[in-house]
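Peer 1: Have a look at this one.
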Amino acid sequence: MKIIYEILNILRRAKTMNYEKVSPINVNSRGIPIPTLTSGESCLSCKSCEQICPTHSLKIHSKDTMSFDYGACLQCGRCSEVCSNGKIIDSGFVHVYSVDREVLKVTYRNGIPEEKSETISEEVKQFRKITAKTGFQYREVAAGGNNTTEAELNASFNALFDSEASQIRVVASPKHADALVYSGPVGPNMEGPLNTAWETMPSPKALVACGTEAISGGLFQLGKRPKEPDLFIGGDPPRPDVLISAFRYLMGIREFSFRTELFKYVQNLKK
Ligand code: SF4
Ligand code: SF4
């Protein structure tokens, strides 16, 4: 019986996620809120959604123009719930990451996101030159968060998400790390330790803001970071497949543009 089971195991397809084909949309997740306005249509401009947003990441500018800062959005769903007019929906779009913070700030006119290309810094280019071939190792610092991001980072090493298969590993000492991944809004007591970890690391190196709080503070005031991060991953917390996809993108082995994918999603929505 045991032998038959072992043979069947060999024939079974691996359950590990295929990151070449992973979709930015996860139908089981709430994802970022997206307006549903079409050309010539207007919302009530009642601003209920703006007022209920706990992080002030949503602004209603006029009846057909609104903006979201997806680097501050907790994906809590309160804005879509409060809109009795159905002009904002939860999209299931969870791949919210970029090397350019400004890319995560999106203005929609008639429901269409404005165009913005991504600026890639010299530091990221240098980082990619090495890590695209070798992968990278990171040290994680919990900088005042609630440990949900750490739970997802832990899960990214399980058999389903398999971080190490993408050559992404964790190390104990920042001296051995290529990247510093931090979570949380960087409380006053964590500014020093985060900076010390960063200063200890050899170059080229990358700083990764992991989760909405690490990008913008979320519900809290954002503390002082060693420098402007090189990668911003939104979500409170981001799912493990989002984390690994974002790391692969940082390494330069995943082709991804947040704005392009968002535009495609919105176009499909209108069909
Ligand atoms: S999107 Fe909905 S809740 Fe927000 S201002 Fe328009 S009608 Fe009001
Ligand atoms: S999902 Fe929550 S945090 Fe994001 S814009 Fe809506 S209300 Fe604000």
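The values are calculated or read from the model by the stated rules, or taken from the named source; none is laboratory data. Because the structure is a prediction, the values reported are computed rather than measured. Backbone-built Cβ (ideal geometry, glycine too); neighbour counts: all protein chains shown. Remember, those area values only see protein heavy atoms, side chains included, never the ligands or the DNA or RNA. Shrake-Rupley method; radii C 1.70, N 1.55, O 1.52, S 1.80 Å.
Peer 1: What part of the accessible area of segment 122-251, given as a whole %, is carbon or sulfur when the probe is 1.4 angstrom?
Peer 2: Carbon and sulfur atoms account for 50 percent of the accessible area of segment 122-251.
Peer 1: If you don't mind, another one. Taking +1 at the Cβ of each Lys and Arg and -1 at the Cβ of each Asp and Glu, which of GLY187, PHE161, GLY217 sits farthest along the dipole of segment 122-251 towards its positive end, judged by Cα position relative to the Cα centre?
Peer 2: PHE161
Peer 1: If you line up the Cα atoms of the chain on their principal axes, what length do they span on each, largest first, in Å?
Peer 2: 59, 55, 32
Peer 1: Would you please report the Å³ per residue occupied by the convex hull of the alpha carbon atoms in segment 57-167?
Peer 2: Spelled out: Cα convex hull of segment 57-167, divided by residues, is 156 Å³.
Peer 1: Could you give the length gained on full extension between SER257 and LYS175, defined as 0.36 nm per residue of separation minus the Cα-Cα distance, in nm?
Peer 2: Extra length from SER257 to LYS175 when fully extended: 26.4 nm.
Peer 1: Using C-alpha positions alone, give me the convex hull volume of segment 122-251 per residue in cubic angstrom.
Peer 2: Considering the Cα atoms of segment 122-251, their hull volume per residue is 89 Å³.
Peer 1: Further question on the same structure: Roughly how much of HIS61 is accessible, in Å² to the nearest 10, using a 1.4 Å probe?
Peer 2: Here the accessible area works out near 110 Å².
Peer 1: In Å², what does the accessible area per residue of the chain work out to with a 1.4 Å probe?
Peer 2: 49
Peer 1: Along each of its three principal axes, how wide is the spread of alpha-carbon positions in segment 1-120, in whole angstrom units, largest first?
Peer 2: 67, 37, 28
Peer 1: If you take the Cα Rg of segment 43-113 and divide it by 2.2 N^0.38 Å, with N the number of residues, what do you get?
Peer 2: Here the Cα radius of gyration is 1.05 times the empirical estimate.
Peer 1: Once whole DSSP H runs in the chain are found, which of them have Cα atoms spread over 15 Å or more along the helix axis and a mean Kyte-Doolittle score of at least -1.0?
Peer 2: Both cut-offs are met by 188-200, 240-251, 258-270.
Peer 1: With +1 assigned to the C-beta of every Lys and Arg and -1 to the C-beta of every Asp and Glu, and no other charges, what is the dipole magnitude of segment 122-251 about the Cα centre in debye, to the nearest 20?
Peer 2: 420
Peer 1: Once you place label points 7 Å from the Cα toward the Cβ at LYS264 and GLU164, how far apart are they in nm?
Peer 2: Taking the two extended label points, one gets 3.2 nm.
Peer 1: Leaving ligands, DNA and RNA out of it, rank ILE112, ILE3 by accessible area with a 1.4 Å probe, largest first.
Peer 2: The ranking, largest first, comes out as ILE3, ILE112.
Peer 1: Report the charge-dipole magnitude of the chain in Debye, nearest 20, computed about the Cα centre from +1 at each Lys and Arg Cβ and -1 at each Asp and Glu Cβ.
Peer 2: The calculated dipole for the chain is roughly 500 debye.
Peer 1: Can you tell me which aspartates and glutamates have their Cα less than 15 Å from the Cα of LYS63? Leave out same-chain residues fewer than eight positions away.
Peer 2: Partners within reach: GLU41, GLU50.
Peer 1: Roughly speaking, what is the stretch gain from LYS59 to SER45, that is 0.36 nm per residue apart minus the C-alpha to C-alpha distance, in nm to one decimal?
Peer 2: Stretched fully, the LYS59-SER45 segment lengthens by 4.0 nm.
Peer 1: A follow-up question, please. Using a 1.4 Å probe on the protein heavy atoms only, what accessible surface does ASP90 show? Give it in Å² to the nearest 10.
Peer 2: My reading of the accessible area for ASP90 is about 60 Å².
Peer 1: What nm value, rounded to one decimal, do you get for the distance between THR107 and ILE52 when each label is placed 7 Å out toward the C-beta?
Peer 2: 2.6
Peer 1: Further question on the same structure: Among GLY145, LEU231, ALA197, flag the residue with its Cα farthest along the positive direction of the charge dipole of segment 136-271, charges on Cβ as +1 for Lys/Arg and -1 for Asp/Glu.
Peer 2: Farthest towards the positive pole: LEU231.
Peer 1: Here is a follow-up. Rounded to the nearest 0.05, what FRET efficiency do LYS271 and LYS21 give with R0 = 30 Å and r taken as the Cβ-Cβ distance? Could you check?
Peer 2: Here the calculated transfer efficiency is 0.85.
Peer 1: Sorted by accessible area (1.4 Å probe), largest first, how do VAL171, VAL181 line up?
Peer 2: If we order VAL171, VAL181 from most to least accessible, we get VAL171, VAL181.
Peer 1: How many times 2.2 N^0.38 Å is the alpha carbon radius of gyration of segment 82-133?
Peer 2: Working it through for segment 82-133, the quotient is 1.63.
Peer 1: Here is a further query. Could you tell me the number of lysine pairs in segment 122-251 with C-alpha atoms less than 22 Å from each other, where the two lysines are 8 or more residues apart or belong to different chains?
Peer 2: Going through segment 122-251 pair by pair, I get 14.
Peer 1: I would also like to ask the following. For MET17, MET201, what's the largest-to-smallest order of accessible area, 1.4 Å probe?
Peer 2: From most accessible down to least: MET17, MET201.
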